[in-house]
Amino acid sequence: MKMNNHKILLMGLLLLATACDKDFEEINKNPFAPTQTDIGPLFNTVVASLRLGWNEQFYVHNETLYGITQQAAKTGVGFDNINIGIEEIWSDYYRGLAHIRELERRFDAMEVEEEALINVRAQLKVLLAYKTFRLTDLFGDVPFFDAGKGFESLDYSRPRFDSQEEVYKFLFEELRWVEENINTAPNPTTAGGNKYISLGDFDHLFNGDLWKWRKFANSLRLRHAMRMVEKDPGYATPILKDIIENDLPIIESGEEVGMYPGQQDWRNDGVNWSFREHNKLRMGTTIWRYLSENDNADGSGIYDPRAYLFFEPNNANQWVAFPQVPEPNTPPSGGIPYGLHRDNNYTIKGNANIYSPFNYFLIRDNIGIPEIILTAAELGFIRAEAYLRGLGVPMDPEQAEAEYTLAVVNSLKFWQKLAAESEMWFNAPPVLSEGELYAKTNHPRISIFTTENKLELIYAQRWLDAFRQPWEAFALSRRVGATPREGEMPQYYRLPYPPSEAENNPTHWAEQLARMGEDSERVKVWWMK
């Protein structure tokens, strides 16, 4: 498709490239033209940008990352159109970044005491950090410091690429500012006696709970300090020390961060579409051995209750895992386990559905099941690793064991809560009590007290908890190289840049490729050893 010069210019200004021409009209609009637009709706537009794209889920998660992380198995020949998903991730990020830059500009233009803006600036900094960490973890170096400013000046129309290290350390400083400055008191006032600017009902992530914003900021610091600790321990370990030793507030059980459709008034139709149209993901043998102690098709070997939440039996009501490294004569899997007909004909998965699919309700409930951003369990596994390895804190194996055990319980609790509270999930397993959940951690394959390789178990359970966050499992596997796996670790370390970047930002794209050597998945991101 040929585009006129006017469209190309606007595309460059916003860095909002996309492979699908259905988005061109929306992208080429100036989202800030109505100057009377309040900061609240604009802020909530940024929150809404945290939602996963449909093509991202199909081509990047289902087609690519689940196979790399081995959290599931792809049972047939792929679609080989990953660029469609990559373009969506890239354009969605820079569209959101443009809105963030405009909010920053509006804050600067407000004729109020600077102190009155502290909380809204803090909330925006946290959103910027989460979105940018996620992008750079997938791609490595990205345009950032000059990006999203196309409406300010033509000088920013084609921004340079910035190193991941620079971006990371800038975001850490921003999050430290949040911890040191956010005012979580009810109805705070400035030294001059004026009320703080508030987003009110437009905070659709935490509903105006600034304490949770502070917790989210520290949780991101904890997650990403651990991510970069192998590369730059001198920078990362003081952050781990600050958060853990000073017991700074982080997300706790029951506060898991996510995009909750029912609470935020949207329908998550993309997740079922991505599974239904892809239809190649099934339970693999790698994850099966962390859920069941044998291959009994009746499920009698299942020891981890998350098995019933992540997967379900095949069409013959049997638990059968697809070989993670299949032989040439391995029978393929077909059927229609993700079809919407199951709303009314639940048991019909198709005779060719011979391997266990994802649990239908986990990827069908478009109101009650969230897109997960961060869990309390993940933070517990990070703390367990820090104590076991002595990262930022004195080495303390007993404290590591305690942190790990609590993290497993929090993971079990979180996943069973999702199923129990889903109005669609009519056959959810019984809710286990706190005591019953702790009893599950005594199983020899879960208990950290019965294994010599405690670190490997911490990684395995963190990988398991990230079942619906394959991008997080991807980051963990790249950092530690020790997540559950059959066969060799693939040399797949990043996503290549979208083809549109070469077209719309050719000079800086070429400079970046010269620095990298090649734009391929074989190039390691900065924080990898």
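The values are calculated or read from the model by the stated rules, or taken from the named source; none is laboratory data. Keep in mind it's a predicted model, so treat the numbers as computed, not measured. Cβ sites come from the backbone with ideal geometry, for glycine too, and all protein chains shown count toward neighbours.
Some observations on this one:
- Residue within segment 407-419 that is in a loop (DSSP other than H, G, I, E, B), buried (at least 18 other Cβ atoms within 10 Å of the Cβ) and not hydroxyl-bearing (S, T, Y) present: no
Residue by residue, here is whether (1) modelled with pLDDT of 95 or more; (2) farther than 16 Å from P470 by Cβ; (3) among the basic types (K, R); (4) in contact with a strand residue (DSSP E or B) (Cβ under 9 Å, 6 or more places away or on another chain) holds:
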residue: L10; (1), (2), (3), (4): no, yes, no, no
residue: L15; (1), (2), (3), (4): no, yes, no, no
residue: K22; (1), (2), (3), (4): no, yes, yes, no
residue: T45; (1), (2), (3), (4): yes, yes, no, no
residue: E56; (1), (2), (3), (4): yes, no, no, no
residue: Y59; (1), (2), (3), (4): yes, no, no, no
residue: I68; (1), (2), (3), (4): yes, no, no, no
residue: G78; (1), (2), (3), (4): no, no, no, no
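- Unmet criterion (only one of (1) under 18 Å from N279 (Cβ atoms); (2) part of a loop (DSSP other than H, G, I, E, B)) for F361: (2)
- When P470, P496, P429 are checked against the criterion of being closer than 30 Å to I367 by Cβ and within 19 Å of the chain's Cα centre (by Cα), P470 stands alone in meeting it.
- Residues being farther than 19 Å from I302 by Cβ, surrounded by fewer than 18 Cβ atoms within 10 Å (Cβ to Cβ) and of a type in the set (V, I, T) - total across segment 420-449: 0
- A single member of P238, P249, P186 is modelled with pLDDT of 95 or more and surrounded by fewer than 16 Cβ atoms within 10 Å (Cβ to Cβ), and it is P238.
- Residue satisfying all of: in segment 253-278; charged (D, E, K, R) and more than 16 Å from E88 (Cβ to Cβ); nearest to the chain's Cα centre (by Cα) among these: E256
- The helices (runs of 4 or more DSSP H) falling completely within segment 178-265 that include 2 or more residues that are in contact with a Gly (Cβ under 8 Å, 6 or more places away or on another chain) and under 26 Å from F43 (Cα atoms) map to 261-264.
- Filter result for A473 (in contact with a Phe, Trp or Tyr (Cβ under 6 Å, 6 or more places away or on another chain) and of a type in the set (A, V, I, L, M)): yes
- Restricting attention to segment 342-358, the residues that are surrounded by fewer than 22 Cβ atoms within 10 Å (Cβ to Cβ) and either closer than 14 Å to N315 by Cα or under 19 Å from the mean Cα position of the chain (by Cα) (or both) add up to 9.
- Test result for P370, in contact (Cβ under 8 Å) with a residue 24 or more places away in the chain and within 29 Å of F206 (Cβ to Cβ): yes
- Residue check for R289: of a type in the set (D, E, K, R), at pLDDT 95 or above, more than 21 Å from the chain's Cα centre (by Cα) and within 25 Å of R485 (Cβ to Cβ): yes
- Test: residue in segment 299-314 that is buried (at least 22 other Cβ atoms within 10 Å of the Cβ), closer than 16 Å to Q71 by Cα, among the small types (G, A, S) and without any contact (Cβ under 8 Å) to a residue 40 or more places away in the chain: yes
- Evaluated against (1) among the charged types (D, E, K, R); (2) within 17 Å of T286 (Cα to Cα); (3) part of a loop (DSSP other than H, G, I, E, B), E456 falls short on exactly one condition, (3).
- Residues of segment 122-152 classified as in contact with an Asp or Glu (Cβ under 8 Å, 6 or more places away or on another chain), buried (at least 20 other Cβ atoms within 10 Å of the Cβ), more than 21 Å from I86 (Cα to Cα) and not aliphatic (A, V, I, L, M), total: 2
- V523 satisfies every condition listed in (1) in contact with a helix residue (DSSP H, G or I) (Cβ under 6 Å, 6 or more places away or on another chain); (2) over 21 Å from Q164 (Cα atoms); (3) part of a loop (DSSP other than H, G, I, E, B); (4) aliphatic (A, V, I, L, M) except (2).
- Scanning segment 78-93 for residues that are surrounded by fewer than 22 Cβ atoms within 10 Å (Cβ to Cβ) and either touching a Lys or Arg at 6+ places or on another chain (Cβ under 8 Å) or of a type in the set (F, W, Y) (or both) yields a count of 2.
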